[in-house]
């Protein structure tokens, strides 16, 4: 139990008044940037990075990591209250979180989100504490075929889930995949579908599309229905929190599954974004009544949030141990470490023991302090819903515009956001599902790159996706999920006594 | 404070509920399908030009997008037929006149806001949008509207421009103050 | 918040003293990075940001803005469309020559204002430390003998990494398949995980895995060895890596790291930045960074820089043409 001793030492480094104070400041700032659209995780951390230049390394890193935790917690708030996901991994949280808020259960949804974030991160931190060296060698086994298999798995877990007409799901996913291909193709270095436009050259930014599809279109729909944010501003009290917590054990399978998915995808470099989608999809797939998802089911908040935060935390592991950031925010943290002369890589754990264990200890403390902090502020956030719609609507529009513009400093993105707002409005009304579209926008490009890299490597041989145990397992799992309804039916037909195994 | 407070901003000139339909779901469905078909055609052509075959080193740049266009086109065509076949669903109202008017009440200001942003900068535009929307659409007292809009815009300015150095589009007013 | 204080201080300074003659930025200065987060350009930008802030070289803060979309073309277009805006500085590298050729991006570096060349980056041929071949000759022989061609990983397509690969093929007759990745960091990990057989990463991109003994440097693509002699690993320094020419592989390439302002800025503005980067290049942070990343020190401005750029441009163009990467 060497790890345990080192961890204790880490705690002793941290437990000083000054560090704890910095922690609180970091968390508050983090939540703040997490809530502000257009800042969000990576941008927010990047902006706050210079604040730490004048501190000593330990304080700086504690503060930075607390900003990171804060931003992770904060991201859920706008998703639930306004249907505006600040980060790719908050998208799945909107699916059930926002309907809950509409039904007046905002406080419940927020509590669920924060609590499950906490659980997810905690699982991942435990993993980092005890398995760090082993895990980092696992991450190295991922080459292009393995990456593609993981993305395939995410897509396959999605197909056939919705109740919408099949051709509409296909339209949605194909359109998303097409739009993600606009811009420069990494593999060939060629421009595609840009029609000579320098604005299209950048490609369609995922967040811009999402802000339009969810944020702007929601305002249009709300206006049309004259609902005007039916904010049952239910008083948040200890009772609501306790009620959610009492319910937690009921969902232990979901929580465990999502934590596992999150940890696994988080240590897979670049896989963190897929986690929340996959967590949500699998929870839905294995639920008894799939139809109640998307209509404000608390499990639909637990599943993606746990997975997102487990992966967000686990993503720090490949960053520390291999120097590859698992997420955008982790990439910025990486930059921060470099400023301090701490070069992430295999030797960091050997050469800077103090720092690494201090950081890991700060993950524990930061999470606990963060949870308390966000829970106590839930009433403040929930009360936003009591502001008259006529005042909140333009503010949301402005926030959306700031968010869309800040990503690439481009006026073109504002128009794109508006366009996607209309598209989202029309699609929702004629029953074209938006979830496959967003998933395709996030992962489409990476999946294509991985596939083509794998093809170049294997000389065009598709057998590469079964070339070793790891990739073969993931690919087969993906195909099994794709044909799950058929398999399920087949099993059912064979006989009632043979219940299909839950895997 | 646990009683439910329901805030529904009513348009004081609330229109009658049985407002005539502007378009049916079927029509919109067909129009969207046609638009998607056209998009698939245009993008498909561009990808065909880029190269859509499978050479010795795997698929070319246009390969996946090209076939996605084919899939998108086929699904859209199917969508047109499906919409024609299922007449009951197609006859459903897509939007009524009253609903459309309310949607435009928020869409048009948003559009104006985006246009203004180019010339006046984000902060002035957001002040005008917030104040104007609250006053004209929400029928909230002018002074309240102006005050709220000012506080909101100022808060945004302080947060983004001064505290976090986020660069936002600015116009003549900010320039006059030296920003 | 810190800017509020600065604005107040600046305001007080203006009131108390006669206005300074020299031009100075009045807004936060944006360092535009034509690559993704964590890459070599991003690291350099953050080092400059820290050096400027810690040494108080400028009143206004510096902001790093990442514009890595479309392999960095986003940054080029952004700079091109910012004529006259003296609050944006681009950290440029060889993409300013190559992207317009390979992808027909409507961009020409002559439309920007050159400020200073601040460093030259090296390229090193690396293989996995677990492999039996220990020098260039053994590596090339193994590549020739292999039944399936060796996989070479690198950043982007039709760029410096792939150009080097093509020239290695031309000089030796060995065949490689080139796998384009999004970043050098990715190429480094893929090499450690044995998914590729070699890469031609910059020293900074492979530094940590080299120190951990996971990869092995075979040779450096330069006329002379890297000058830094302090030990990086337990046994080797940068200076211990032979040049490729010494090892019988006559391929050379160096990549510039240079700062550019947008077009149509005034000479006073250029002068301010030349001075700023001169000061930056004298800070301990900068010197430390150069050594750690094994960058070749150089500082060129004015006519020297223009002359260098023209020559460098011509050289890159001929390399790209010979490699067959110029789009028709």
Exercise for the section: Would you check if there is a residue in the stretch C:218-236 being more than 20 Å from the chain's Cα centre (by Cα) and within 14 Å of residue C:125 (Cβ to Cβ)? Expected result: yes
Completion exercise
Those residues of the stretch B:31-71 that are under 30 Å from residue B:90 (Cα atoms) and more than 10 Å from chain A (Cβ to nearest Cβ) come to a total of 4
Practice task
Answer yes if at least one residue in the stretch A:454-464 is surrounded by fewer than 17 Cβ atoms within 10 Å (Cβ to Cβ), modelled with pLDDT under 90 and closer than 26 Å to residue A:273 by Cβ, and no otherwise.
Solution key: yes
Completion exercise
Considering only helices (runs of 4 or more DSSP H) wholly within the stretch C:79-172, the ones with at least 3 residues that are within 20 Å of the chain's Cα centre (by Cα) are C:95-102, C:160-172
Problem - Residue in the stretch B:108-127 that is in contact (Cβ under 8 Å) with a residue 12 or more places away in the chain, at positive phi and surrounded by 18 or more Cβ atoms within 10 Å (Cβ to Cβ) present - result: yes
Practice task
Tally the residues that are more than 22 Å from residue A:459 (Cβ to Cβ) and either within 11 Å of another protein chain (Cβ to nearest Cβ) or without any contact (Cβ under 8 Å) to a residue 40 or more places away in the chain (or both), restricting the search to the stretch C:156-181.
Solution key: 1
Exercise for the section: Kindly check whether there is at least one residue in the stretch A:129-140 that is within 27 Å of residue A:93 (Cβ to Cβ), modelled with pLDDT of 85 or more and part of a helix (DSSP H, G or I). Expected result: no
Practice task
Can you tell me which residue within the stretch C:193-205, out of those that are surrounded by 24 or more Cβ atoms within 10 Å (Cβ to Cβ) and not in a loop (DSSP other than H, G, I, E, B), is nearest to the other protein chains (Cβ to nearest Cβ)?
Solution key: C:205
Problem - The lone exception for residue C:61 - which of (1) within 22 Å of the chain's Cα centre (by Cα); (2) facing chain A (nearest Cβ under 9 Å); (3) modelled with pLDDT of 85 or more it fails - result: (1)
Practice task
Keeping to the stretch A:366-414, report how many residues are more than 7 Å from chain B (Cβ to nearest Cβ) and farther than 30 Å from residue C:67 by Cβ.
Solution key: 22
Handout entry: Members of the stretch C:64-78 found to be assigned to a helix (DSSP H, G or I), more than 7 Å from chain A (Cβ to nearest Cβ) and in contact with a strand residue (DSSP E or B) (Cβ under 6 Å, 6 or more places away or on another chain), listed by number
Key = C:75
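Let's see how each residue does on (1) outside any loop (DSSP other than H, G, I, E, B); (2) in contact with a strand residue (DSSP E or B) (Cβ under 9 Å, 6 or more places away or on another chain); (3) modelled with pLDDT under 85:
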| site | (1), (2), (3) |
| --- | --- |
| A:145 | yes, no, no |
| A:148 | yes, no, no |
| A:155 | yes, no, yes |
| A:163 | no, no, yes |
| A:173 | yes, no, no |
| A:176 | yes, no, no |
| A:188 | no, yes, yes |
| A:195 | no, no, no |
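Looking only at the stretch C:182-192, which residues are assigned to a loop (DSSP other than H, G, I, E, B) and within 7 Å of chain A (Cβ to nearest Cβ)?
Hit for the stretch C:182-192 is C:182, nothing else.
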Practice task
Return the only residue of B:83, B:89, B:131 being surrounded by fewer than 19 Cβ atoms within 10 Å (Cβ to Cβ) and more than 8 Å from chain A (Cβ to nearest Cβ).
Solution key: B:89
Practice task
Answer yes if at least one residue in the stretch C:136-149 is surrounded by 14 or more Cβ atoms within 10 Å (Cβ to Cβ), more than 15 Å from residue C:216 (Cβ to Cβ) and within 12 Å of chain A (Cβ to nearest Cβ), and no otherwise.
Solution key: yes
Handout entry: Positions within the stretch A:451-467 being away from chain B (no Cβ under 14 Å) and within 11 Å of residue A:143 (Cα to Cα), in sequence order
Key = none
Handout entry: Residue within the stretch B:74-90 that is in the same structural domain as residue B:34 (by TED's automatic domain parsing) and closer than 28 Å to residue A:414 by Cα present
Key = yes
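The values are calculated or read from the model by the stated rules, or taken from the named source; none is laboratory data. Keep in mind that this is a model prediction, so the values were computed, not measured. Ideal geometry is used to build each Cβ from the backbone, glycine not excepted, and the neighbour counts take in all protein chains shown.
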